[in-house]
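Colleague: Supplied in structure tokens, the structure appears directly below.
Just so you know, all these numbers are worked out from the coordinates, no wet-lab data involved. Here the structure is a predicted model, which is why all the values come from computation and not from measurement. Neighbour counts are summed over all protein chains in view; Cβ atoms, including those assigned to glycine, are modelled from backbone coordinates with ideal geometry.
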Amino acid sequence: MSNSTDVPSLLFFVIINSLMLILIVIGVIFGLIVIILISTHKNNHTVPNSLSCNSCSGGLFYFCVYTVFIIYEYLPEKYRTNPLLCQLQGYMYSVSCCAVTYSYLVQATNRLFYALFYKYRFLLSSKSACILIVIHWSLSFILPFPIIFLNGYQYQIESQICILTTKQFPTAMYGVAAFFFVPLSSVIGIYTIILHNACQRTKRYASRAIRKRHHATVYSRRSSRDLKVIRHTVILIGILTVGGTPYCILIILDVLNAASPEWYLLVTLFITFSVMADMIVIFAYNKSCINIIYKPFKYEPSLNSLSQEQLKEKPNSLISSAYC
């Protein structure tokens, strides 16, 4: 193993930064697509879509911050190691990470409102969503702030960026707990409650489905929706784990004085990858965006385009298909 004070090769920096830029471009494209499609179509101005836009805004904020990091890596060392700029960069990077991770918690909280507290109409309103968004961004800026006074944001020569260093165990553990474990455990807890409630509800409908055909249809729909919730939960937890686990491993390696210099850049690469994956998942699971994109490619034949022979052969079926 190399000493932790060694610097990775220039080729390694170029490769990692190139991958970073690719991930950033992909993430920005998907994030902007979601925001533009939802904001330009009034029918899509719903609470879940608003929270999806909020999550995309957090991702775009992260990409902007890290793009500045990449630019700073190629500036003279006196600019990269400037104490004031270094503290500002490290703080803003932590804010962007909080904005991404806590956006998961905001969406999970909103799903909890719809699943368990749907009788309280205020919790499902746009005002409630605005309150969640304000709390989300307030926490994102407040939680990383105390680290400034603990000298936690330092210039890492291995990665040549100013970041919450893993070489100071107390501040690094505070960052892991506040930025990673709290939102992750909260998301897992909320979705566990939602799934438990869904399972109990499914059992009730299953017993009724045996007696009535109508309840069988409802049971099938609810089962399908519960499976989607489970799948979405697994994906969210997977994305958070991919982003946060390498940083936790690096803290342990630093304690053991066994971290290679390449680890420091790979940690930020995994975080950036998880943010990019989040943008793609938000787009892929947003039916409003998917429907808008596929709408021009859907062919709906009109009666004028049908021949007289076709109308005579199957008038009922053709007319019904023309107006579906």
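Colleague: To the nearest 0.05, what FRET efficiency results for Leu195 and Ser138 with a Förster distance of 25 Å applied to their C-beta separation?
Modeller: Once the sixth-power term is evaluated, E becomes 0.30.
Colleague: List nothing, just return the count: lysine pairs in region 10-285, 8 or more apart or interchain, with Cα separation under 21 Å. Write out the running numbers ahead of the final one.
Modeller: Values: Lys42/Lys127; Lys119/Lys127; Lys203/Lys212; Lys203/Lys228.
Eligible lysine pairs with Cα atoms under 21 Å apart amount to 4.
Colleague: May I ask you to sort Phe145, Phe113 by Cβ crowding, counting other Cβ atoms within 10 Å and putting the fewest first?
Modeller: So the residues, fewest neighbours to most, are Phe145, Phe113.
Colleague: If each Cα of region 10-285 is one equal point scatterer, what is log10 of I(q)/I(0) from the Debye formula at q = 0.11, 0.12 Å⁻¹?
Modeller: Per q value, in the given order, log10 I(q)/I(0) is -0.68, -0.78.
Colleague: Another question, if that's okay. May I ask you to derive the relative contact order of region 10-285, considering only C-alpha pairs under 8 Å and at least 6 residues apart, and to give it as an integer percent?
Modeller: The normalised contact order for region 10-285 reaches 25 percent.
Colleague: Return the loop-located trypsin sites (Lys or Arg not before Pro) in region 92-136 (DSSP other than H, G, I, E, B) with at most 16 other Cβ atoms within 10 Å of their own Cβ; answer none if there are none.
Modeller: Lys119
Colleague: To continue, here is another question. Could you rank the peptides 178-188, 8-18 by their average count of other C-beta atoms within 10 Å per residue, with the highest value first?
Modeller: Ranking, from highest mean packing down: 178-188, 8-18.
Colleague: With a point put 7 Å past each Cα toward its Cβ, work out how far Ala177 is from Ser126 in nm, to one decimal.
Modeller: 4.0 nm
Colleague: For a quick protection proxy, order the peptides 148-159, 53-64 by their average other-Cβ count within 10 Å, most packed first. Display every interim value, and only then the final one.
Modeller: On the way: 148-159: 17.6, 53-64: 22.4.
The most tightly packed comes first, giving 53-64, 148-159.
Colleague: To continue, here is another question. Percentage of Cα-Cα pair distances in region 149-201 greater than 15 Å, rounded to whole percent?
Modeller: 61 percent
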